[in-house]
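Shown next, in structure tokens, is the structure this report addresses.
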Amino acid sequence: MTLRRPRLLSARAMPLRMTATAALLAAGAIVAVPQLAAQVFSGHNSDAPVDYAADRIELQDKQDRVILSGNVDVRQGELELRAARTVVNFTNKGSMQIQRITASGGVVVTRGDERATGDVGIYDFNKKIITMTGNATLKRGNGDTLRGGRFVIDLNTGVSSASGGRVSGTFTVPKQN
């Protein structure tokens, strides 16, 4: 995975989207289990190049990290992450190979009509897992919402789970004729 600079886009001009291919578990399952799972981010190419834009960049070569701050936008394929600040950890073996992105400050991860938010977001490139913590929410379309202290989104399987205190949410119901 190589880090590269995209064409310049303002944070406000960049649309944020994420798509999902499966529904949340049935409402009855929420009561029965301490974790709620959903299949999301199915088909995401976690090997795609990572583009970024920010107001400021600081390369800390000896620590093998890059700090992006101010209106940070990170994009990998259709997956987009927006935050106030990110720390990008990498290995340097001829080129920068991303290991992990830790985002903080109003973190929003989107793809298609899904949106995950939290105080902190961690994208582990080796495990292909995104973890959202602190006031975490997952919203799909115009209605389905899930809230919890922590979400773990496995990009390998497309399965997401919520935990951390009481998990709550809202499901939309189709209108009957």
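No lab work stands behind these numbers, since they all come straight from the coordinates. In this text the structure is predicted, and so the values were computed from the model without any measurement. Neighbour counts run over all protein chains shown; Cβ positions are idealised from the backbone, glycine included.
Side notes on the structure shown:
- Reachable lysines from K93, criterion Cα separation under 27 angstrom, eight or more residues apart if same chain: K62, K127, K128
- Candidate lysines - alpha carbon under 23 Å from K175, same-chain residues fewer than 8 apart omitted: K139
- Electrostatic tally near K127: other residues with Cβ closer than 12 Å to its Cβ, Lys and Arg +1, Asp and Glu -1, net 0.
- Formal net charge of residues neighbouring L146 (Cβ-Cβ distance under 13 Å; K, R +1; D, E -1): +4
- Within the shell of other residues whose beta carbon sits under 13 angstrom from the beta carbon of R100, the net charge comes to +1, with Lys and Arg scored +1 and Asp and Glu -1.
- Listed residues V109, G141, V159: farthest to the positive end of the dipole of region 102-177 (Cβ charges): G141
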